[in-house]
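Below is one structure, written out as structure tokens; the observations come after it.
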Amino acid sequence: MNIKVLKKCIIAAACFVVTMAAGCGVEQTLIIDGTGNVNQESHVYLTDSEDAYLGSSLTSSDFALVGTKDINGVPYKDYKNVTVTTVAETEGMGMGANYFYYCSKSRDSSQNMGLGNQAAANAGEPNVYVVDTITVTLPFEINCTNGVVKEDKRTVVFDENQLKGVDTFYAATDNTVLNGTTININAVNKKYYKKKPVINITADGIIASIKNNAKNAKESFKAAEGKNQVEVSLVNGLTKKVTFYVDTKAPQCNVKKSEYKKNFKLTFKDENKIKSAKLNGKKVKNGYKIKKAGKYKLVVIDLAGNKLTKKFKIK
């Protein structure tokens, strides 16, 4: 189970058991090699009351009960999971030759965290998580980070309880990656598209967040139908925003039959804007009345390039 999804489940369960719970815990340990392979060991610590709600879900998600752990004088059941994946396959994670970053929070999990913390506060509990850390060992020396570096200079601990409000954890050999000056949002070179483009994000610094329409997005994603507002920020505060529209639908008009009487009022519309509308090759406006009998061909094109063609007669 993805650790973000898991934490959502913990929050949901905590809302039910918080009056009895001392607060659950989550610890992740990641060992990443130079090719981007990630060996991940995850531990979830539950009190007996929390275990009644979450224990079976954990075991069905490849977590195993491996014993107990004492946290602040309280015994917790210790559930462990080991997975092998890659940086590229892990949502929100990225790594270069001398830097690493991990966006640990999603919009949804942050909202659920807020609900869980409010429930905990109402019950007199200071925090849903008594332990919430991510420990990462990297294939390079760490001299610049928002975590705490261990003695080996290659391992850093990110304590989410101490880093509240921080969406992206990072570690680097030096601070040059903090001096990023360029954000590239590839494939966005016009305002309107009639097919959904794949958006690719690159930068010369550490990316703190990528959002499309205020929701977290990956470094490569397919644009949504309608309005897209992409915002990319680096950890040094540099931000780039672009707005574009995807319109995969042709314009619409009121020509539904093959024949109409004189003074037929022609109407047409589109989700965005009409680029051109021509009747027998001549420009016409929405609401144009056709007074003469004859054969007609209407061609309407929107700003994305979608075309509507209708042939009909006026008697």
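The values are calculated or read from the model by the stated rules, or taken from the named source; none is laboratory data. Here the structure is a predicted model, which means the values were calculated and not measured. Using ideal geometry, Cβ is built from the backbone for each residue, glycine included, and neighbour counts are taken over all protein chains shown.
Things to note:
- Of all residues making up the stretch 225-263, the number that are farther than 21 Å from residue 209 by Cα and over 19 Å from the mean Cα position of the chain (by Cα): 17
- Test for residue 273: is it outside the structural domain of residue 206 (by TED's automatic domain parsing) and not β-branched (Val, Ile, Thr): yes
- Hits in the stretch 239-260 (condition: charged (D, E, K, R), over 20 Å from residue 286 (Cβ atoms) and in a loop (DSSP other than H, G, I, E, B)): none
- Residue 200 meets all of the listed conditions (1) more than 26 Å from residue 30 (Cα to Cα); (2) surrounded by 16 or more Cβ atoms within 10 Å (Cβ to Cβ) but one, namely (2).
- Among all positions in the stretch 177-198, there is at least one residue which is closer than 14 Å to residue 146 by Cβ and either of a type in the set (A, V, I, L, M) or not assigned by TED's automatic domain parsing to the domain that holds residue 133 (or both).
- Taking the listed residues 52, 22, 88, the one that is under 30 Å from residue 172 (Cα atoms), out of contact with any Phe, Trp or Tyr (no Cβ under 7 Å at 6 or more places or on another chain), at pLDDT below 90 and hydrophobic (A, V, I, L, M, F, W, C) is 88, with no other qualifying.
- The stretch 272-315, residues that are surrounded by fewer than 16 Cβ atoms within 10 Å (Cβ to Cβ), outside any strand (DSSP E or B) and either at pLDDT below 95 or not aliphatic (A, V, I, L, M) (or both): 273, 280, 281, 285, 286, 287, 291, 292, 305, 315
- Pick from the stretch 286-315, criterion in contact with a Leu (Cβ under 9 Å, 6 or more places away or on another chain) and charged (D, E, K, R), ranking: nearest to residue 261 (Cα to Cα): 289
- Failed condition for residue 232, given (1) assigned by TED's automatic domain parsing to the domain that holds residue 88; (2) at pLDDT 90 or above: (1)
- 2 or more residues surrounded by fewer than 17 Cβ atoms within 10 Å (Cβ to Cβ) and at pLDDT below 95: qualifying strands (runs of 3 or more DSSP E) within the stretch 124-191: 183-186
Results for (1) under 30 Å from residue 307 (Cα atoms); (2) out of contact with any strand residue (DSSP E or B) (no Cβ under 9 Å at 6 or more places or on another chain); (3) of a type in the set (Ser, Thr, Tyr); (4) in contact (Cβ under 8 Å) with a residue 24 or more places away in the chain, shown as yes or no for each residue.
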site: 133; (1), (2), (3), (4): no, no, yes, yes
site: 152; (1), (2), (3), (4): no, no, no, no
site: 155; (1), (2), (3), (4): no, no, yes, no
site: 163; (1), (2), (3), (4): no, no, no, no
site: 171; (1), (2), (3), (4): no, no, no, yes
site: 186; (1), (2), (3), (4): yes, no, no, no
site: 205; (1), (2), (3), (4): no, no, no, yes
site: 208; (1), (2), (3), (4): no, no, no, yes
site: 218; (1), (2), (3), (4): no, no, no, yes
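- Subset of the stretch 47-100 [surrounded by 14 or more Cβ atoms within 10 Å (Cβ to Cβ), in a loop (DSSP other than H, G, I, E, B) and without any contact (Cβ under 8 Å) to a residue 60 or more places away in the chain]: 47, 87, 90
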